[in-house]
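Colleague: Shown below is the structure under consideration.
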Amino acid sequence: MMRALALTLISLAAPSLAQQNPVSPQDGTSALMGADVVFLGEIHDNPAHHARQAELVAQIKPVALVFEMLSPEQAARATPDLVSDESALEATLGWNDSGWPDFSMYYPIFAAAPEAKVLGAELPRDEARALGEGDLGKVFGPSAGFYGLHEPLDREEDAARQQLQMSAHCNALPLEMLPTMVGIQRLRDARLAETALEAYAELGGPVVVITGNGHARKDWGAPALLARAAGEVSVAALGQGETGQGAPEGSFDLVEHSAPAERDDPCEDFQMPQSN
């Protein structure tokens, strides 16, 4: 009910919920400025990407920050009085026990908009597990139709998504797992879109969403689902790549590149040990 109500409020109030904090960009970010909802993509373990997100959040001055990495329950604990204390905020969120990269990378994003309402859009584990027992619409709930979850993907897109999931997992996934992995990705996209829309319905704009590049892409990620559900809400998206690695997959309003992060080969754990 709350999800449908949020969409109704948006349709009634959208003309008066225009950008409340216009800025004059001094770089190539004009494509992001003035949108009601801005998705800032990232490669999760690249510190430069998070530094850039913090810079843009300071420019955009959002009234709400939506994090892929937080559950709604965690986000509710991120009160403005905690944002000034990095250690206290991390401990309250339990971030460094969550499996995401170190909180020191993400904290500047919180600090760049200390008065913004923080919301979490992490997909609950029970929803991910339930996908094996039912279709996307049933797992997501009554608002699934707003985000196209009741419809199958066309063959070309489904094949492309499955290939991306296989590549992302070092070509080590059993083929029978790929449809479920694609379904989980669609659920995450929908959860991000829905949380951003609910924030916009409650607070107006701008709303900033912090998420991985795969969810921030405008052709089939969360921005596309948001536009489907509420076409009157303007959306912009940044994709961030690494120098020498090519652009991130998908379409964005702006793509930027930073130096590659230092990381071990992520596929080492998937490699079979050689026998002598």
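Colleague: Only one of these is of a type in the set (Phe, Trp, Tyr) and within 30 Å of Leu178 (Cβ to Cβ): Phe146, Phe103, Phe110. Name it.
Modeller: None of the other options fit; the residue is Phe146.
Colleague: Okay, moving on. Failed condition for Ile210, given (1) out of contact with any helix residue (DSSP H, G or I) (no Cβ under 8 Å at 6 or more places or on another chain); (2) under 19 Å from Val57 (Cβ atoms); (3) of a type outside the set (Asp, Glu), with all others met?
Modeller: (1)
Colleague: Another one. When you go through Val139, Val118 one by one, which is the residue that is within 17 Å of the chain's Cα centre (by Cα) and touching a residue at least 12 places away in the same chain (Cβ under 8 Å)?
Modeller: Val118
Colleague: Scan segment 171-192 and give yes if some residue there is part of a strand (DSSP E or B) and in contact (Cβ under 8 Å) with a residue 40 or more places away in the chain, otherwise no.
Modeller: There is no residue in segment 171-192 that is part of a strand (DSSP E or B) and in contact (Cβ under 8 Å) with a residue 40 or more places away in the chain.
Colleague: Follow-up question, since we're still on this one. Which condition from (1) of a type outside the set (Gly, Ala, Ser); (2) within 11 Å of the chain's Cα centre (by Cα); (3) closer than 23 Å to Gly137 by Cα; (4) not in a helix (DSSP H, G or I) is the one that Asp219 breaks?
Modeller: Evaluating Asp219 over (1) of a type outside the set (Gly, Ala, Ser); (2) within 11 Å of the chain's Cα centre (by Cα); (3) closer than 23 Å to Gly137 by Cα; (4) not in a helix (DSSP H, G or I) leaves (2) as the failure.
Colleague: Consider only pairs whose beta carbons are under 9 Å apart and that are at least six residues apart or on different chains; among these, list those whose first residue lies in segment 203-226 and is more than 17 Å from Pro101 (Cβ to Cβ) and buried (at least 24 other Cβ atoms within 10 Å of the Cβ) and whose second residue is of a type in the set (Gly, Ala, Ser) and at pLDDT below 95.
Modeller: Correct list of pairs: Gly205/Ala18; Pro206/Gly34.
Colleague: I'd like to know if segment 42-62 contains one or more residues that are touching a Lys or Arg at 6+ places or on another chain (Cβ under 8 Å), closer than 15 Å to Ala196 by Cα and surrounded by 20 or more Cβ atoms within 10 Å (Cβ to Cβ).
Modeller: Checked segment 42-62: no residue is touching a Lys or Arg at 6+ places or on another chain (Cβ under 8 Å), closer than 15 Å to Ala196 by Cα and surrounded by 20 or more Cβ atoms within 10 Å (Cβ to Cβ).
Colleague: Select from segment 84-135 the residues that are of a type in the set (S, T, N, Q) and modelled with pLDDT under 95 and write down the one among them that is farthest from Glu194 (Cα to Cα).
Modeller: Ranking the candidates gives Ser84 first.
Colleague: Could I ask something else about it? Could you please find all residues in segment 27-66 being small (Gly, Ala, Ser) and in a helix (DSSP H, G or I)?
Modeller: Ser30, Ala31, Ala48, Ala51, Ala54, Ala58, listed by residue number.
Colleague: Would you check which residues across segment 205-230 are within 15 Å of Pro248 (Cα to Cα), small (Gly, Ala, Ser) and touching a Leu at 6+ places or on another chain (Cβ under 9 Å) and list them?
Modeller: Gly214, Ala216, Gly221
Colleague: Please specify each residue of segment 156-170 satisfying the condition of being surrounded by 14 or more Cβ atoms within 10 Å (Cβ to Cβ), over 15 Å from Pro248 (Cα atoms) and either acidic (Asp, Glu) or in contact with a Phe, Trp or Tyr (Cβ under 9 Å, 6 or more places away or on another chain) (or both).
Modeller: Scanning segment 156-170 gives Asp158, His169, Cys170.
Colleague: Within segment 148-155, does at least one residue satisfy the condition of being part of a helix (DSSP H, G or I), surrounded by 19 or more Cβ atoms within 10 Å (Cβ to Cβ) and not β-branched (Val, Ile, Thr)?
Modeller: So far as segment 148-155 goes, no, none of its residues is part of a helix (DSSP H, G or I), surrounded by 19 or more Cβ atoms within 10 Å (Cβ to Cβ) and not β-branched (Val, Ile, Thr).
Colleague: Okay, next question. Within segment 108-123, how many residues are surrounded by fewer than 14 Cβ atoms within 10 Å (Cβ to Cβ) and within 23 Å of Gly212 (Cα to Cα)?
Modeller: Result for segment 108-123: 1.
Colleague: Starting from segment 231-256, keep only residues that are closer than 16 Å to Gly214 by Cβ, then list their pairs with residues that are surrounded by fewer than 17 Cβ atoms within 10 Å (Cβ to Cβ) and of a type in the set (Asp, Glu) whose Cβ atoms are within a distance under 8 Å, requiring at least 6 positions of separation or different chains.
Modeller: Every condition considered, the pairs that remain are Gly250/Asp219; Ser251/Asp219.
Colleague: Only one of these is crowded, with 19+ Cβ neighbours inside 10 Å and assigned to a loop (DSSP other than H, G, I, E, B): Met105, Met69. Name it.
Modeller: Answer to the check: Met69.
The values are calculated or read from the model by the stated rules, or taken from the named source; none is laboratory data. What you are looking at is a predicted structure, and each value in this text was computed from that prediction instead of being measured. All Cβ positions, even for glycine, are placed from backbone atoms using ideal geometry, and neighbour counts span all protein chains on display.
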